[in-house]
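Participant: Quick one: the structure is below, questions incoming.
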Amino acid sequence: MDPSTAGAVKPAQTHQFEFTGSGGEYFRIWIVNLLLTLITFGIYGAWAKVRRLRYFYGNTVLAGSSFEYHGEPKKILKGRLIAGALILPYYLFQNTHPLWALPFLVAFIIALPFIVVKSRRFQMRMTSWRNIRFNFLGSYGQAIRIYIGLTALITVTLGILFPYVQFAKQRFIIGETRFGSSKFEFNARPGRYYAAYFAALGWFVVSLIAWIVLLALLVVVIALAAGVSADALQNPRVLLSNPSAMSVAVVAGIIAYASFVAAFLVPAAVASARITNEAFNHTSVEGHQLQSSLLAKQLVGIYLTNLLGVVFTLGLFSPWAKVRLLRYQLEHTTLTVHGNLDEFVATESANVSATGEELGDFLDVDFGL
Amino acid sequence: MPGMRIHGRYFDGKTSAAQAVEVELFDNGWLHMEGATHSVDHRVADIQISPRVGNTQRRLRFADGSVIETPDNDVLDAWLTKGGAHGLQHQVFHLERQWSYALLALLAIAVGTWAFIQYGVPALAQRIAMHLPTSLDDRLGRESLELLDEKLFKPTQLPAAQQQAIRNDFNRIIADLPDKQRYRLEFRTGGKVIGANAFALPSGIVVMTDELVALSDNPNELIAVLAHEVGHVVNRHALRMVLQSSASALVMFGLLGDVSSMSSMVANMPVLLTQAKYSRSNEIEADNYAFDWLEAHSIAPHYFADMLERLEKQHGGDNESSALSYFATHPATKERMRRAQQSRAK
């Protein structure tokens, strides 16, 4: 019997999100995508993106049904060409005539709210579950208020407003999302965002101190083991003219860089786990409640092993890394269904261009999600 | 005649309600769908069948917007193969399906990238640089000497007669160059940081330090060094470095643009390594320019080797065969000296 129709009998039933793909399978898709993209000078990239997203959406399963990505390669290619033509002058001027690049930068900042709205709208309209499309109805006015007004205030308030702005972004991005004709309800509180970012800040300070102490010890130990005198350590000229001391300096530099990145993983994981939990646990649609139960320490483990894997395989591990992280996140996300999932109703949705989303991709626009 | 059977779930596109259906696929290109409330026939030409990606559920989309989701990929593919109804994307799926193809793709990417960065980028950069006006080189080096004078150098202490003697040698080196008016020799006191050294700015200014002049035993040694520096300018190395590093950064972006931002920090490493490699090949090219000039003017190449040897003694240590050679911007001195000797032999 279909699990969703079984849900109609009981008052509340919890469905867990699943990821049915595997790292090895995605590696093969990724490497073929990469090869075809390189030999077509990037043109296949649009097809590669669609195959990648179809793979991830198609393997994300809720209540027996997978999600579907509807983006069309030709539209995405067109969007990329337009976005590239708009951005190319900026990159060219940035290196040759920095002053001429400035108007482009200002234009992009002004266009940012429109890009966010267009991009999110494209992403949502290109997503469906059970043949019902998602949508995003956030207005440009709201986006301007958040992405220009509030964001500018972050600097003025010396960062104190940052957690509130992240909260406002998520309320906008999630709260204006529709599934068919059903609106997502987002009722998180900004106070919890402050708590999450303060915790992350605390961990950042702790990690930073630990990193400095560790590094100092490490440099001395390696240097002594390599037979470099303490004098040489204090005199950069002697250090530079001594090859074995130079090797030590390079090794220490690499370790310093790697451990610095590692030290950032802890606060990043704390912020990500807490914010995601807070946002999802206060998101519902038609009374069906989302839950997220990410644990920061498990996220740290995944981030760290992923990073090591990617570094030591020169990037070849990255498909597995992506799948591992996504699987952990999805398997800690549930939907508690009150009633059943059969009653969502579709709405007519107009065509939407991919230019906004591709501009957003080029500019690495942050939704705050 | 019975057809192949797949099962799936039907969604009408109006609500999210699922309906279990059985679909029978016939050899004549028709299919029959049987569900609790629907029993219809369709022609394969009238339905859109999503291309296969991994083992994700396929969708059969009908003209009215309704959809069948089915996990029975293999049966569906067998039917499509029989009817010759597969799209081009199915060829991509065949590549993605097998590890042997994936490993071949990996090999092709690795070899292709290596060859392009090793040979393609330098060759392209050289071709492009030789078509660009020298005013571009001047732009690269215009403010450099003023900046160096301010930060590092002190005025030269060399007697005017000695300066003139070296200048005469320098003029001999540039005598046959078509744009010799661009070249100029400057003397400076290097001080603690620079010491005995010589280098060329892309605009054609060659700077030699008093310490280097003091270190030399023979005017021919200085001629060898000057010819090497002129070689850098003639071969437009500064401009080529700019072109090459932008090109290799672009290649790395193409390769790793797909990778998340955290790991793309790692991408800086190969770019740095290729920079060092390009720099070493520039030194070799400048060395060759010097050897050729010395030979054409009947000066023994060992003077170049002698100078290198003395410079290295002064800087202390030998960087040959150390673990760092891959990071080094100059070839190992022993190697350069050996090449100088070989140049005499031929």
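The values are calculated or read from the model by the stated rules, or taken from the named source; none is laboratory data. Just so we're clear, the structure is a prediction, and the values are computed from it rather than from any experiment. Note that we place each Cβ from the backbone using ideal geometry, even for glycine, and neighbour counts take in every protein chain shown.
Participant: Please state which one of A:210, A:200, A:195, A:216 is of a type in the set (A, V, I, L, M) and in contact with a helix residue (DSSP H, G or I) (Cβ under 6 Å, 6 or more places away or on another chain).
Facilitator: A:200
Participant: Which of the residues that make up region A:304-321 are part of a helix (DSSP H, G or I), surrounded by fewer than 20 Cβ atoms within 10 Å (Cβ to Cβ) and of a type in the set (Val, Ile, Thr)?
Facilitator: Within region A:304-321, A:305, A:311 qualify.
Participant: May I pose another question? Determine whether region B:228-250 contains at least one residue that is surrounded by fewer than 19 Cβ atoms within 10 Å (Cβ to Cβ), of a type outside the set (A, V, I, L, M, F, W, C) and at pLDDT below 85.
Facilitator: Yes.
Participant: Within region B:149-165, restricting attention to residues that are surrounded by fewer than 16 Cβ atoms within 10 Å (Cβ to Cβ) and of a type in the set (A, V, I, L, M), which residue is farthest from residue B:214 (Cα to Cα)?
Facilitator: B:152
Participant: If you don't mind, another one. Can you tell me which residues in region B:59-96 are within 24 Å of residue A:64 (Cα to Cα) and facing chain A (nearest Cβ under 8 Å)?
Facilitator: B:59, B:65, B:66, B:67, B:69, listed by residue number.
Participant: Which count do you get for residues in region B:166-204 that are among the hydrophobic types (A, V, I, L, M, F, W, C), closer than 22 Å to residue B:214 by Cβ and surrounded by 14 or more Cβ atoms within 10 Å (Cβ to Cβ)?
Facilitator: 10
Participant: List the residue pairs whose Cβ atoms are under 6 Å apart, where the first residue sits in region B:2-14 and is under 19 Å from residue B:29 (Cα atoms), the second is assigned to a loop (DSSP other than H, G, I, E, B), and the two are 6 or more positions apart or on different chains.
Facilitator: B:3/B:26; B:6/B:72
Participant: Yes or no: residue A:122 modelled with pLDDT of 90 or more and within 19 Å of the chain's Cα centre (by Cα)?
Facilitator: Answer is yes for this residue.
Participant: Considering only region B:24-33, how many residues are over 27 Å from residue A:133 (Cβ atoms) and either within 14 Å of another protein chain (Cβ to nearest Cβ) or of a type outside the set (Phe, Trp, Tyr) (or both)?
Facilitator: The number of residues fulfilling the criteria is 6.
Participant: Related question: What helices (runs of 4 or more DSSP H) completely inside region A:195-303 contain at least 3 residues that are surrounded by 15 or more Cβ atoms within 10 Å (Cβ to Cβ) and either at pLDDT 85 or above or of a type in the set (Val, Ile, Thr) (or both)?
Facilitator: Correct list: A:243-280.
Participant: Out of everything in region B:102-141 that is of a type outside the set (S, T, N, Q) and in a loop (DSSP other than H, G, I, E, B), what residue ends up being nearest to the other protein chains (Cβ to nearest Cβ)?
Facilitator: B:132
Participant: Could you say whether any residue in region A:11-34 is of a type in the set (D, E, K, R), more than 10 Å from every other protein chain (Cβ to nearest Cβ) and more than 27 Å from residue A:314 (Cβ to Cβ)?
Facilitator: Yes, that holds for at least one residue.
Participant: Would you confirm, using the coordinates I've provided, whether residue A:352 is away from chain B (no Cβ under 13 Å) and more than 30 Å from residue A:122 (Cβ to Cβ)?
Facilitator: For residue A:352, the condition - away from chain B (no Cβ under 13 Å) and more than 30 Å from residue A:122 (Cβ to Cβ) - is not met.
Participant: Which ones in region A:59-82 are of a type in the set (Lys, Arg) and over 22 Å from the mean Cα position of the chain (by Cα)?
Facilitator: Passing the criteria: A:74, A:75, A:78.
Participant: I would also like to ask the following. Pull up region A:322-349, narrow it to residues that are more than 10 Å from every other protein chain (Cβ to nearest Cβ) and charged (D, E, K, R), then point me to the one that is surrounded by the most Cβ atoms within 10 Å (Cβ to Cβ).
Facilitator: So the residue we want is A:327.
Participant: While we're on this one: Take the conditions closer than 23 Å to residue B:292 by Cβ, at pLDDT 90 or above and hydrophobic (A, V, I, L, M, F, W, C) and apply them to residue B:173. Does it pass?
Facilitator: It is true that residue B:173 is closer than 23 Å to residue B:292 by Cβ, at pLDDT 90 or above and hydrophobic (A, V, I, L, M, F, W, C).
Participant: I'm trying to understand the selection: among the residues of region B:189-208, which are in contact with a strand residue (DSSP E or B) (Cβ under 8 Å, 6 or more places away or on another chain) and touching a residue at least 40 places away in the same chain (Cβ under 8 Å)?
Facilitator: Hits for region B:189-208 are B:194, B:195, B:196, B:201, B:204, B:205, B:207, B:208.
Participant: Does region A:37-65 hold any residues that are surrounded by fewer than 20 Cβ atoms within 10 Å (Cβ to Cβ) and small (Gly, Ala, Ser), and which are they?
Facilitator: Across region A:37-65, the qualifying residues are A:42, A:64.
Participant: Ok, one more. Which residues, taken from region B:40-53, are away from chain A (no Cβ under 14 Å) and without any contact (Cβ under 8 Å) to a residue 12 or more places away in the chain?
Facilitator: B:40, B:41
Participant: Would you pick out the residues in region A:303-319 that are free of Cβ contacts under 8 Å to residues at least 60 places away in the same chain and within 7 Å of chain B (Cβ to nearest Cβ)?
Facilitator: A:307, A:310, A:311, A:315
Participant: Being modelled with pLDDT under 60 and either closer than 24 Å to residue B:209 by Cβ or of a type in the set (A, V, I, L, M) (or both) is the filter here; which residues of region B:289-327 pass it?
Facilitator: B:316, B:317, B:318, B:319, B:323, B:324, listed by residue number.
Participant: On to the next question. Within region B:45-76, restricting attention to residues that are among the charged types (D, E, K, R) and modelled with pLDDT of 90 or more, which residue is surrounded by the fewest Cβ atoms within 10 Å (Cβ to Cβ)?
Facilitator: Filtering region B:45-76 for residues that are among the charged types (D, E, K, R) and modelled with pLDDT of 90 or more, the one surrounded by the fewest Cβ atoms within 10 Å (Cβ to Cβ) comes out as B:74.
Participant: Here's something else I'd like to know. Among the listed residues B:15, B:56, B:37, identify the single one that is within 14 Å of chain A (Cβ to nearest Cβ), touching a strand residue (DSSP E or B) at 6+ places or on another chain (Cβ under 8 Å) and more than 29 Å from residue A:53 (Cα to Cα).
Facilitator: Result: B:37 is the single residue among B:15, B:56, B:37 that is within 14 Å of chain A (Cβ to nearest Cβ), touching a strand residue (DSSP E or B) at 6+ places or on another chain (Cβ under 8 Å) and more than 29 Å from residue A:53 (Cα to Cα).
Participant: Which count do you get for residues in region A:35-73 that are closer than 17 Å to residue B:91 by Cβ, more than 9 Å from every other protein chain (Cβ to nearest Cβ) and polar (S, T, N, Q)?
Facilitator: 1
Participant: If you don't mind, there's one more thing I want to ask. Counting residues that are charged (D, E, K, R) and modelled with pLDDT of 95 or more, which helices (runs of 4 or more DSSP H) fully inside region A:127-193 reach at least 1?
Facilitator: Those helices (runs of 4 or more DSSP H) span A:162-175.
Participant: What number of residues within region B:142-176 are outside any helix (DSSP H, G or I) and within 33 Å of the chain's Cα centre (by Cα)?
Facilitator: Selection size over region B:142-176: 3.
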